[in-house]
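Since the structure comes first, as structure tokens, the remarks are kept for the end.
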Amino acid sequence: MSHSPQPVISATGLYTPSESISNDELVAAFNAYVALYNRENADAIAAGELSELTESSVEFIEKASGIGSRFVVDKDGILDPAHMAPRLPMRSNDELSVLAEIGVAAARDALARAGRDAADVDAVLCAASNMQRAYPAMAIEIQNALGIDGFGFDMNVACSSATFGIQTAADYIRAGHAKSVLVVNPEICSGHLNWRDRDSHFIFGDVATAILVEDKDIAPAGHWDILGTKLKTVFSNNIRNNFGFLNRTHGTIDQAGPKTDKLFVQEGRKVFKEVVPMVAQMIVDQMAVLDLQGSDMRRLWLHQANTNMNRLIAHRVLGHEASEDESPTVLDTYGNTSSAGSIIAFHLHHDDMVAGDTGLICSFGAGYSAGTVFVRKT
Ligand code: COA
């Protein structure tokens, strides 16, 4: 009788940068920049040619988003009011690139937790919001650094990249193309965030996560069965980044004020209003397909963009206000880390779950895009 492969999650890994920026530090630097800008442009502002910039506030950030601090790969550059961006020295082509470096660190963590030798992995998917370069693929550099004999490629579905990566890996396993696939999510969001934009300067942080998806036959004890996955995309310009090789000058990055379209820009209110119902409905529909009730869901590891969004989505799914135990947040310490957010939540908040417990990893974001991965602890 032929064996039919069943994809499971064997382990996850996490790399957290050593530096972090609190809201107090962030707002102090932003407001110093605002004062500098308003002073330097005082004449143009008085003449009505430029608008005066307005200060940011810690209270607003905490209330509107739930974000308390964020980890970053370079704190000094971001907090320098004259620079307001990470300073990452160019590396030679012979050195491991910074995005690959943090991806490798997360991948090694996942491999160690699974007791898996890199030589036994068949494929690497680098699934993240922003790749450092066009090619060679970041995934192939990570594959090489880990000593994996197989194949790798990059995939970008913005904040939903990790769940899209998990389904892709699961499909490779079902099809018999691989037995062990590493999905790696290195997110250096600080490089594409406009730290001079009051509306969004507080949102993102840097991190890397990794997920080892394998055939159940070779998976370690205590793995997670994947009960079902579902992906959805609906085009929207409400979250957009126009950076690319056809418009490679960085445009207005060094100017203050209005949004620069080569960096992250969004209509946060519209995103909130449109994405919450879309994602909640998608989860509820998928639960019906899998014959799951709200009461069957032990824990939701939701995308970490905004605590208020998660509260609304979790309420709809569970049928009651979710506790921190039912829908843990990592936004307070990590900020929004794009595709890595729901994986960090899963990674840090699953040790107490027991065999038979069911949970949901769910991501959503630019595209729009959304992905659900229902899992059960074995
Ligand atoms: N400090 C102080 N006040 C600020 C501010 C800041 N940094 N940024 C904006 N404000 C002010 C605005 O000027 C506005 O003032 P007004 O009412 O006088 O005009 C007020 O706060 C409300 O601004 P708004 O942008 O409507 O805030 P919000 O409540 O929608 O919260 C977000 C903003 C971004 C936190 C929220 O919309 C959000 O999280 N949306 C979803 C984002 C998301 O998931 N994106 C996906 C990214 S992957």
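A few comments on the model shown:
- Shape class for the stretch 225-377, computed from the alpha carbon gyration tensor (a ≥ b ≥ c): prolate, with a/c not under 1.5 and a/b above b/c.
- Percent antiparallel among DSSP beta bridges (both partners in the chain, rounded to 5): 70
- Taking the longest Cα principal axis of the chain as reference, the axis of helix 268-289 is set at about 10 degrees.
- Residue range of the chain that is longest and free of trypsin sites (Lys or Arg not before Pro) which are both DSSP loop and sparsely packed (at most 14 other C-beta within 10 Å): 249-378
- Among 41-50, 320-329, the peptide with the highest mean count of other Cβ atoms within 10 Å heads the list, and the full ranking is 320-329, 41-50.
- Summary of the geometry: the stretch 299-378 and the stretch 215-229, compared by the centres of their Cα atoms, lie 19 Å apart.
- Cα-centre dipole for the stretch 225-377 with unit charges at Cβ (Lys and Arg positive, Asp and Glu negative), debye to 20: 680
- When the Gaussian network model of the chain links Cα atoms closer than 10 Å, the mean-square fluctuations of Val157, Val275, Val213 top out at Val275.
- Anisotropy class of the stretch 58-113 from Cα gyration tensor, a/c 1.5 cut: oblate
- Three-way shape label, the stretch 1-121, alpha-carbon gyration tensor, a/c 1.5: prolate
- In degrees, nearest ten, helix 307-318 long axis to first principal axis of the chain (Cα): 30
Any read-out appearing in this document is the output of simple, stated calculations on the displayed coordinates, not a laboratory observation. Source: prediction; values computed, not measured. Cβ atoms come from the backbone with ideal geometry, glycine included; neighbour counts cover every protein chain shown.
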